[in-house]
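Asker: Could you have a look at this structure, given as structure tokens, before my questions?
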Amino acid sequence: MTVAAYGALVLSLPVLLYQLYAYVLPAFSNAERRAVVPILILFPILFVAGLAFAYFVVMPAAVKFLLNFNEAQFNIQVRARDYYGFFGMTMLAGGLVFQMPLLILALTRLGIVTTRQIAKNRRYAYLGIAILAAALPGVDPISMLLEMIPLLVLFEISVALSRLFDRRRPVGDLAEGST
């Protein structure tokens, strides 16, 4: 039952998101729409990229490591419920973690942090990324490293994008509704 419900949610999500976008977008001014539409387009693209990365890179390495770890000493039997739970959590974590560029862009555009602050505290961000990668599903060091590498790349891309947007338009322009 739960696998069917998750499958139905995944299959219907594009239609649900389109309906949500179609409902919300008419309420925005032109300036707000120019700021929001790229984010609305990037969100599902980054989520699907995270799903693809988790499916094609993280899952095979994690399953291979976990099934072959001490195989001479244990009779390893995988239960379907445990595997599907691990698979679902890994896929969800991969999709959500790939939203980091949008989070950093939102933080810089809202003026909560500046690009200079993010770049200056890069080592703390790297530490946070390592902790996040260790906390994600997959208890093995291989999947941790495989999840950490794209997070570092996404962080650096996020910093570059926020630096680019800082040069293009000040934050106050969005609040005033002008371009």
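Every read-out reported here was derived from the displayed coordinates using simple, explicitly stated rules and does not represent laboratory data. Everything numeric in this text was worked out from a predicted model, so none of it was measured. Methodologically, a virtual Cβ is constructed for each residue, glycine included, from the backbone with ideal geometry; neighbour enumeration extends over all protein chains shown.
Asker: Modelling each spin label as a point 7 Å along the Cα-to-Cβ direction, I'd like the Leu103/Leu13 distance in nm, to one decimal.
Answerer: So the two model labels end up 1.7 nm from each other.
Asker: When N counts the residues of segment 1-105, how does its alpha-carbon radius of gyration compare numerically with 2.2 N^0.38 Å, as a ratio?
Answerer: Computed over Cα atoms of segment 1-105, the ratio equals 1.44.
Asker: What residue among Pro60, Pro44, Pro150 shows peak mean-square fluctuation when the chain is described by a Gaussian network model with Cα springs under 10 Å?
Answerer: The residue that fluctuates most here is Pro60.
Asker: Continuing with this model, one more query. Report the calculated FRET efficiency for Leu25 and Tyr55 (r = Cβ-Cβ distance, R0 = 35 Å), to the nearest 0.05.
Answerer: 0.70
Asker: Quick one: if the Förster radius is 25 Å, what FRET efficiency do Ile112 and Ile39 give, using the C-beta to C-beta distance and rounding to 0.05? Please report the intermediate quantities before stating the final value.
Answerer: Details: r = 16 Å, r/R0 = 0.63.
Efficiency computed from Cβ-Cβ geometry: 0.95.
Asker: Would you please classify the overall shape of the chain from the alpha carbon gyration tensor, given that a ≥ b ≥ c denote the square roots of the eigenvalues, rounded means a/c under 1.5, and beyond that prolate means a/b larger than b/c while oblate covers the rest?
Answerer: oblate
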